[in-house]
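Everything on this sheet refers to the single structure shown next.
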Amino acid sequence: MIRVAVAGALGKMGTTVRAALAEHATEARLVSALEHKGHAQIGTRILPKLRLVDDAETALADADVYIDFSAPTPTIELVQVAAQRHVAAVIGT
């Protein structure tokens with residue numbers, strides 16, 4: 001099972017990716033949902049055991065791969081954290 005984090009999780013593409021993960025739950029599962037600092041929904045539940053976070057370290061802690069549909073500036077930080085943690089990146093920003 002591939003453990004996936006989604007950056008930009010509440011945007012149009014992030015929502016689409018989360019829905020696709022739900023449809024293919026036997027192959028991959030969402031382990032983290034990330035939005036920008038100050039987002040009004042930080043801390044809310046995305047799934048019963050998953051809250052929306054705004055910290056790259058936290059978001060990538062349990063992921064094998066992250067899918068990034070955020071924005072150019074946060075992508076730079078995410079790539080650096082992903083490299084340190086050996087987390088693969090799929091960037092659609």
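Can you list residue pairs whose Cβ atoms sit under 9 Å apart, with the first residue in segment 59-80 being more than 13 Å from Ile2 (Cα to Cα) and the second being outside any helix (DSSP H, G or I) and acidic (Asp, Glu)? Count only pairs 6 or more apart in sequence or on different chains.
Pairs found: Ser70/Glu35; Pro74/Asp68; Thr75/Asp68; Leu78/Asp68; Val79/Asp68.
If you check Ala40 against the conditions, is it open to solvent by less than 80 Å² (accessible area, probe 1.4 Å) and either out of contact with any His (no Cβ under 6 Å at 6 or more places or on another chain) or not acidic (Asp, Glu) (or both)? Please lay out each step first, then the result.
Details: open to solvent by less than 80 Å² (accessible area, probe 1.4 Å): no; either out of contact with any His (no Cβ under 6 Å at 6 or more places or on another chain) or not acidic (Asp, Glu) (or both): yes.
It is false that Ala40 is open to solvent by less than 80 Å² (accessible area, probe 1.4 Å) and either out of contact with any His (no Cβ under 6 Å at 6 or more places or on another chain) or not acidic (Asp, Glu) (or both).
Name the one entry in Ala83, Ala33, Ala59 that is among the small types (Gly, Ala, Ser) and open to solvent by 50 Å² or more (accessible area, probe 1.4 Å). I'd like the intermediate steps shown before the answer.
Numbers: Ala33 fails: open to solvent by 50 Å² or more (accessible area, probe 1.4 Å); Ala59 fails: open to solvent by 50 Å² or more (accessible area, probe 1.4 Å).
After applying the criteria, what remains is Ala83.
Under the condition of being modelled with pLDDT of 95 or more and of a type in the set (A, V, I, L, M), which residue from segment 22-49 is farthest from His86 (Cα to Cα)?
Result: Ala40.
The values are calculated or read from the model by the stated rules, or taken from the named source; none is laboratory data. What you see is a predicted model, and the numbers here were worked out from it, not measured in a lab. Backbone-built Cβ (ideal geometry, glycine too); neighbour counts: all protein chains shown. All accessible areas refer to the heavy atoms of the entire protein, side chains included, with ligands and DNA or RNA removed. Shrake-Rupley method; radii C 1.70, N 1.55, O 1.52, S 1.80 Å.
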